[in-house]
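Below is one structure, written out as structure tokens, with a few remarks after it.
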Amino acid sequence: MTTRWTRKDLLGLRELSADEINFVLETADAFKQVGTREIKKVPALRGKTLVNFFVEPSTRTRTSFELAAFRLSADVINISATTSSLTKGETLKDTARNLEALHTDILVLRHSSAGAPQFLANRVRASVINAGDGAHEHPTQALLDLYTIRERRGKIAGLHVAIIGDVLFSRVARSNIFGLLKLGARVTLVGPSTLVPREFEKLGVEVSHKIEDVLPKADVVNLLRIQHERQRREYFPGLGEYIRLFGLTKERAKLLKPDCVIMHPGPINRGVEIDSDVADGLQSVILDQVTNGLAVRMAVLYLCGGIAT
Amino acid sequence: MRALIIRGGRVIDPANKRDEVGDLYIADGKIAEKSAIRNQKSEIEEIDARNLIVAPGLIDVHVHLREPGFSHKETIESGARAAAAGGFTTVVCMPNTSPTADNPSTIAWIKDRAAAAACVNVLPTGAISKNLAGEELAPIGSLAQAGVVAVTDDGQCVQNHEVMRRAVEYARMVGVPVLDHCQDYNLVGNGVVHEGYWSTLLGLPGWPAMGEEAMVMRNILLAELCDHHIHCQHVTTAGSVRLIREARARGVKISGEVCPHHIALTDEAIQNFDTNYKMNPPLRSPTDVDALLEGIADGTLSVLCSDHAPHADFEKEVEFDAAPFGIIGLETELGLFLDLLVHKHRKIDIARLIAMYTIEPAQLLRVDAGTLSVGARADVTLIDPELEWTVRVDQFQSASRNSPFDGWKIKGRAVRTIVGGETVWKL
């Protein structure tokens, strides 16, 4: 494999070319195999220091990055909003510069503000990996989604992918849209008009407010978590109505093509965006996504960490 | 007695419909007749103004000088120096200071400070509501007696229409205009950028055009109801321009102002999350920019200003959501407007541009400024409309550096600023 990666940082999929995305996925193939070995560790990042800097709470993404770093033999420390000096009034910039003064090589940042990873990447020498910024991008989640689709369906170009749910506030949706379109998929966004405004059509996707129209045509459905805990009341009347109009119920799941793949970035709300039986059914690849996330994050850390030196 | 002769410039004085190459005479700090100078025995200074425009001292009706309370961003002294360097002889400062300028003693403090430290005229505004909270009226009568030229809750917007109605009625009684930062909080929510393509793409909370237009409409209705002037600050949307145009055609006492960044830039500029492009109201779409240009061309929007909003670098250099709104503008606005309105888009001629910076704001605020009439205070700005220069924020007089225009090449700028007959700044 020739070197086709020149980026210190991974900030989003919008800035990547199709070639770069495919290169990450190919690199992840090699790392996925590592996870099946007796000794699940390679020395690729030995001697490097990775900081998991999670200003916004996360369990699964942080754990996935942590494990990925361990398997690459990096030294890892975790910092959360409550344990950082941000609570003492230190700015994000100063916190990052302090981490850099400790010779941090890779900074994995989760932040509630869109653009925070780019802000840091412009100001530190370390690699900055975006682990989710506001409603902007969550590139490693989209890469693992692409990886999982490719693994199940053998390709991405030409597939029809439905992204269903709270698209407006979803960084997962945006990164998926950018990645899927670059790799030649057709994308339809589904959800209430308040959470899936028509403005999204300008990004090159279709928008539908009727889930029954879309399910029979989809090769992949990617369900987004309905974040009712932080949803403002005016966006939709309530969970009951959401389920009635947009939930992937057992009944609606019968509309899906037999080979349609069901995805969810987690954590799932059983009985809200997806029925429990459907989440555990044969078409569901929700746990494959988690496994693949590890391989994809190893690939990203390996590629960016290699550039930083 | 001291005298000054500004020779050979193109004297543009829209208040007196004068536009001719000629000389301007100043004696004892006032505009004078030629005969008054001839009789002088004492020193006479002469300024060669050939190829320059000799204009009444420019007025900026919308600046934040940050004192009292935020002198790490700007002081009345540094803000006044920035004004002078931009060609302004009079600035109107907003009341969102600490303490809020919602009481006569804070106004007195600002006026004292300006008298002691400012090299240009500083005209304070007072708050509409106590603490800019939009709930109880500030003592508008006492503020007027203390010398405010207008009332405004700038930075905030009175949401309760009943409170705003009574404020406008009260302001009419005491004879001060009302300036309003038009923003409906419910519609705007936590928006930080224009709601549109770029907010959708970047996942940043959107600030919809209607959030401004709803309050522009409210103000038009209140101006009619109360028969008093309401001036809409920093108008940014096509809908606002249309509403104001229609209302003015009906004779409603409504007006609007424009800031240079809202025509120089669009919301596309936010894509790198640089907080020097974060302002309130936000940068809008190309359609809105076109509508603003048309509104300037047909007179719907009658006043130009900067919304000069200094912030320290450590305040601006943070996450986009967390950064304060606003940019500085005193030292770039004249150049940007000359470059864009007169040279590039050819929407207005230079005489109209000067009117929008002089007689228009002077009439709006009912202040004695913005003319070269004999006997007027000798506030004069000399402008080289063809001078090409490059913006360098590190050379600014302002105490802050938060400008998105660093490095811009601009055609046209002030080269000398004269206040009361004294040169306070010279290129």
Exercise for the section: Only Cα pairs under 8 Å and at least 6 apart count here; give the relative contact order of the range B:280-383 as a rounded whole percent. Expected result: 21 percent
Exercise for the section: Quick one: angle between helix A:18-34 and the longest Cα principal axis of chain A, in degrees between 0 and 90, rounded to 10, please. Expected result: 80 degrees
Completion exercise
If amide H atoms are modeled at 1.01 Å from N in the peptide plane, then the residues at a separation of 5 or more from B:His181, or on another chain, having amide H under 5 Å from its own are B:Asp153, B:Asp154, B:Gly155, B:Gln233
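Where the convex hull is taken over the Cα atoms of the range B:225-380, what is its projected area averaged over directions, in nm²?
11.0 nm²
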Handout entry: Spin-label zone in the range A:199-217 - amide nitrogen under 12 Å from a point set 7 Å from the Cα of B:Arg242 along the C-beta vector
Key = none
Handout entry: Overall dimensions of the protein assembly as shown by Cα: Rg and Dmax, Å
Key = 30.1, 105
Exercise for the section: Would you calculate the separation in nanometres between label points at A:Leu282 and B:Arg2, each defined as 7 Å from the Cα along the Cα-to-beta-carbon direction? Expected result: 9.6 nm
Exercise for the section: Go through B:Leu387, A:Leu294, A:Leu224, A:Leu282 and list them by solvent-accessible area, largest first, probe radius 1.4 Å. Expected result: A:Leu282, B:Leu387, A:Leu294, A:Leu224
Completion exercise
Computed on Cα atoms, Rg of the range B:104-235 relative to 2.2 N^0.38 Å comes out at 1.18
Problem - Loop-resident sites, the range B:347-398, for trypsin sites (Lys or Arg not before Pro), counting at most 13 other Cβ within 10 Å (DSSP) - result: B:Arg366, B:Arg392
Completion exercise
PRE zone check, label point 7 Å out along Cα-to-Cβ of A:Thr82, amide N under 20 Å, scope the range A:94-116, hits A:109-113
Handout entry: Accessible area buried between chains B and A, both sides summed, probe 1.4 Å, in Å² to nearest 100
Key = 1700 Å²
Practice task
Report, in degrees rounded to the nearest 10, the 0 to 90 angle that the Cα long axis of helix A:171-182 makes with the longest principal axis of chain A.
Solution key: 80 degrees
Fill in the blank from the handout: Result row for chain B, helices from DSSP H with C-alpha axial extent 15 Å or more and mean Kyte hydropathy at least 0.0, is B:104-117, B:209-226, B:286-297
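In what order, largest first, do B:Lys17, A:Lys48 sit by accessible area if the probe radius is 1.4 Å?
Result of the area sort, largest leading: B:Lys17, A:Lys48.
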Handout entry: Percentage relative contact order, the range B:57-365, counting C-alpha pairs under 8 Å, at least six apart
Key = 16 percent
Problem - Accessible surface, the range B:57-365, averaged per residue in Å² (probe 1.4 Å) - result: 30 Å²
Practice task
Kindly report, to the nearest 10 Å², the accessible surface of B:Glu162 as traced by a 1.4 Å probe over protein heavy atoms only.
Solution key: 90 Å²
Handout entry: Label-point separation, B:Ile44 to B:Glu169 (7 Å along Cα→Cβ), nm
Key = 5.9 nm
Practice task
Could you calculate the FRET efficiency of B:Glu33 with B:Ala115 from 1/(1 + (r/R0)^6), where r is the beta carbon distance between them and R0 is 35 Å, rounded to 0.05?
Solution key: 0.75
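Over chain A, what is the relative contact order in percent, taking alpha-carbon pairs closer than 8 angstrom and at least six residues apart?
21 percent
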Completion exercise
proj_area_mean for the range B:57-365 (convex hull on C-alpha atoms), units nm², value 13.9 nm²
Fill in the blank from the handout: Measure of exposure for B:Met173: accessible area at 1.4 Å probe, Å² rounded to 10, is 130 Å²
Practice task
Please give the FRET efficiency for A:Ser193 paired with B:Asn190, using the beta carbon to beta carbon distance and R0 = 35 Å, rounded to the nearest 0.05.
Solution key: 0.95
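For B:Glu45, B:Glu195, give me the order by solvent-accessible area with a 1.4 Å probe, most accessible first, ignoring ligands, DNA and RNA.
If we order B:Glu45, B:Glu195 from most to least accessible, we get B:Glu195, B:Glu45.
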Fill in the blank from the handout: Within the set A:Thr36, A:Thr140, A:Thr188, GNM on chain A using Cα springs under 10 Å gives the largest fluctuation to A:Thr36
Fill in the blank from the handout: Which of A:Lys217/A:Lys250; A:Lys93/B:Lys316; B:Lys316/B:Lys347; B:Lys278/B:Lys411; A:Lys210/A:Lys250; B:Lys30/B:Lys73 exceed 22 Å between C-alpha atoms? The answer is B:Lys316/B:Lys347; B:Lys278/B:Lys411; B:Lys30/B:Lys73
Exercise for the section: Could you work out how far apart the two model spin labels at A:Asp75 and A:Leu239 are, taking each label as a point 7 Å from the Cα in the direction of the beta carbon, and quote it in nm? Expected result: 4.4 nm
Fill in the blank from the handout: In the range A:180-268, the trypsin sites (Lys or Arg not before Pro) that sit in a DSSP loop and have at most 11 other Cβ atoms within 10 Å of their own Cβ are A:Lys210, A:Arg230, A:Arg232, A:Lys254
Completion exercise
To the nearest 0.05, the calculated FRET efficiency linking A:Asn122 and A:Lys254 through their beta-carbon distance, R0 being 56 Å, is 0.65
Practice task
Enumerate the amide H contacts of A:Ala162 below 5 Å, restricted to partners 5 or more residues apart or on another chain; note that Pro and chain-start residues carry no placed amide H.
Solution key: A:Thr188, A:Asp219, A:Val220, A:Val221, A:Asn222
Fill in the blank from the handout: Here the range A:148-159 yields Karplus 3J(HN,Hα) values (6.51, -1.76, 1.60; θ = phi - 60°; whole Hz; Gly and Pro given as x) of 5, 4, 4, 5, 7, 10, x, 6, 10, 4, x, 6
Problem - Label zone at A:Asp213 (point 7 Å along Cα-to-Cβ), backbone N below 20 Å, the range A:161-185 - result: A:161-168
Exercise for the section: For the range B:57-365, give the magnitude of the charge dipole about the Cα centre (Cβ charges: +1 Lys/Arg, -1 Asp/Glu; no others), in debye to the nearest 20. Expected result: 760 debye
Exercise for the section: Please determine, in degrees from 0 to 90 and to the nearest 10, the orientation of helix A:286-308 with respect to the longest principal axis defined by the Cα atoms of chain A, where the helix direction is its Cα long axis. Expected result: 30 degrees
Completion exercise
Here, GluC sites (Glu not before Pro) of the range A:15-99 satisfying both criteria (DSSP loop; at most 11 other Cβ within 10 Å) are A:Glu38
Handout entry: Computed accessible area, B:Glu294, all protein chains, 1.4 angstrom probe, square angstrom
Key = 90 Å²
Practice task
Pick out which of B:Asp154, B:Asp379, B:Asp48 has the largest mean-square fluctuation in a Gaussian network model of chain B, springs linking Cα atoms closer than 10 Å.
Solution key: B:Asp48
Completion exercise
Computed over the Cα atoms of the range A:1-124, the Rg and Dmax in Å are 15.5, 47
Problem - Residue-wise HN-Hα coupling along the range A:105-112, computed from phi with Karplus coefficients 6.51, -1.76, 1.60 (Hz; x: Gly, Pro) - result: 9, 10, 10, 9, 10, 10, 8, 6
Practice task
In whole angstrom, note down how far apart the Cα centers of the range B:201-258 and the range B:386-427 are.
Solution key: 31 Å
Fill in the blank from the handout: Check: C-alpha center the range B:140-177 vs C-alpha center the range A:227-293, spacing in Å is 53 Å
Practice task
Please identify, among A:Asn122, A:Asn222, A:Asn22, the residue showing maximal mean-square fluctuation in a Gaussian network model of chain A using a 10 angstrom Cα cutoff.
Solution key: A:Asn122
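The values are calculated or read from the model by the stated rules, or taken from the named source; none is laboratory data. What you see is a predicted model, and the numbers here were worked out from it, not measured in a lab. We place every Cβ from the backbone using ideal geometry, glycine too, and count neighbours over all the protein chains shown. We work out accessible area using only protein heavy atoms, side chains counted, and drop any ligands, DNA or RNA first. Shrake-Rupley method; radii C 1.70, N 1.55, O 1.52, S 1.80 Å.
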